[in-house]
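The values are calculated or read from the model by the stated rules, or taken from the named source; none is laboratory data. If you're wondering where the values come from, they're calculated on a predicted model, not measured in any experiment. Cβ placement follows ideal geometry from the backbone for every residue including glycine, while neighbour counts extend to all protein chains displayed. Note: areas computed on protein heavy atoms with side chains; ligands, DNA, RNA excluded. Shrake-Rupley method; radii C 1.70, N 1.55, O 1.52, S 1.80 Å.
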Amino acid sequence: MQKKILWLSLTLMIAGTLQVKAQYAKQDSTYKKFFVGSTLFMLANLIPDNNSPKMVYLNLGYRITGKDVISLELKTWKYGWPIGIPFGKSYESEGEGFPGYIREYGFSIAYYRFLWKGLFGQVDVMPAWQTFVNDNGNKIDNGFQIFNTYSIGYHVKLFKDRFFIQPSIAITHRPYQSKMPDSFKQIDDRWSRFFFGQPGLHFGFNF
């Protein structure tokens, strides 16, 4: 399932980079300062799959200047494999999954900096509260982690700047994870707390 979303995202990322006049000029005072958005990864909720992320994602942003942007992102999703498994034969493979799943609830503060035309860098820091659920569907513990995302992406204006899409690629990092239940920790400890090459495809509405 996630591999299908990955290929969809990469295709749209390539298409998105064809537009070059995307940046908000530093001296421009007429651009819309606020935006609301989400991620196309929520489409994964619609794919028939026993590993649906059941994701909800809302992004509220403010353009401080034409080059500097901050946003508040509200997120929840669930996952049944360690986040650090790289793409390859072990990714979501049998025997590498948790004995259940983790449901995560969090909010993140993100800062974007436009670097050249529509190209931007982003740092996203998210405190996240976790619920550990076993294979029987029973909650067995709670947890907490800090989940950071370091991205580079491209901002593409659509429909006279009413809408936009932002294809991106990122490194994710978990600098802090509270103690997991032993059955989850044994699986999670096999893998890095970094993940390289995480695709993203945000979209939004300016107002």
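Hey, any hits in segment 126-138 for a residue that's without any contact (Cβ under 8 Å) to a residue 24 or more places away in the chain, assigned to a strand (DSSP E or B) and within 14 Å of Arg174 (Cβ to Cβ)?
yes
Please indicate, with yes or no, whether at least one residue in segment 102-109 is in contact with a Gly (Cβ under 8 Å, 6 or more places away or on another chain) and open to solvent by 30 Å² or more (accessible area, probe 1.4 Å).
Among the residues of segment 102-109, not one is in contact with a Gly (Cβ under 8 Å, 6 or more places away or on another chain) and open to solvent by 30 Å² or more (accessible area, probe 1.4 Å), which makes the answer no.
When segment 68-90 is examined, which residues are found to be surrounded by fewer than 16 Cβ atoms within 10 Å (Cβ to Cβ), touching a residue at least 40 places away in the same chain (Cβ under 8 Å) and either out of contact with any strand residue (DSSP E or B) (no Cβ under 9 Å at 6 or more places or on another chain) or aromatic (Phe, Trp, Tyr) (or both)?
Phe87 - this is the single residue of segment 68-90 that is surrounded by fewer than 16 Cβ atoms within 10 Å (Cβ to Cβ), touching a residue at least 40 places away in the same chain (Cβ under 8 Å) and either out of contact with any strand residue (DSSP E or B) (no Cβ under 9 Å at 6 or more places or on another chain) or aromatic (Phe, Trp, Tyr) (or both).
Of everything in segment 122-138, what is open to solvent by 60 Å² or more (accessible area, probe 1.4 Å) and closer than 19 Å to Trp81 by Cβ? Give them in sequence order.
Within segment 122-138, Asp135, Asn136 qualify.
Enumerate the pairs (first residue in segment 169-183 and closer than 13 Å to Gly100 by Cβ; second residue anywhere and small (Gly, Ala, Ser)) with beta-carbon separation below 7 Å, excluding pairs fewer than 6 apart on the same chain, so at least 6 apart or on different chains.
Pairs found: Met180/Gly143.
Quick one: count up the residues across segment 184-207 that are surrounded by 15 or more Cβ atoms within 10 Å (Cβ to Cβ) and not in a strand (DSSP E or B).
Residues that pass the stated criteria total 5.
Which ones in segment 139-167 are closer than 19 Å to Phe205 by Cα, open to solvent by 20 Å² or more (accessible area, probe 1.4 Å) and in contact with a His (Cβ under 8 Å, 6 or more places away or on another chain)?
If the condition is that a residue be closer than 19 Å to Phe205 by Cα, open to solvent by 20 Å² or more (accessible area, probe 1.4 Å) and in contact with a His (Cβ under 8 Å, 6 or more places away or on another chain), then Ile165 is the only one that fits.
Based on what the data block shows, is Thr172 at pLDDT 95 or above, among the β-branched types (Val, Ile, Thr), over 17 Å from Ser38 (Cβ atoms) and crowded, with 17+ Cβ neighbours inside 10 Å?
In short, yes.
Spot the failing condition for Arg174; the list is (1) more than 17 Å from Trp77 (Cα to Cα); (2) touching a Phe, Trp or Tyr at 6+ places or on another chain (Cβ under 8 Å), and only one is missed.
(1)
Of everything in segment 59-105, what is more than 24 Å from Asp124 (Cα to Cα) and of a type in the set (D, E, K, R)? Give them in sequence order.
Lys89, Glu92, Glu94, Glu96
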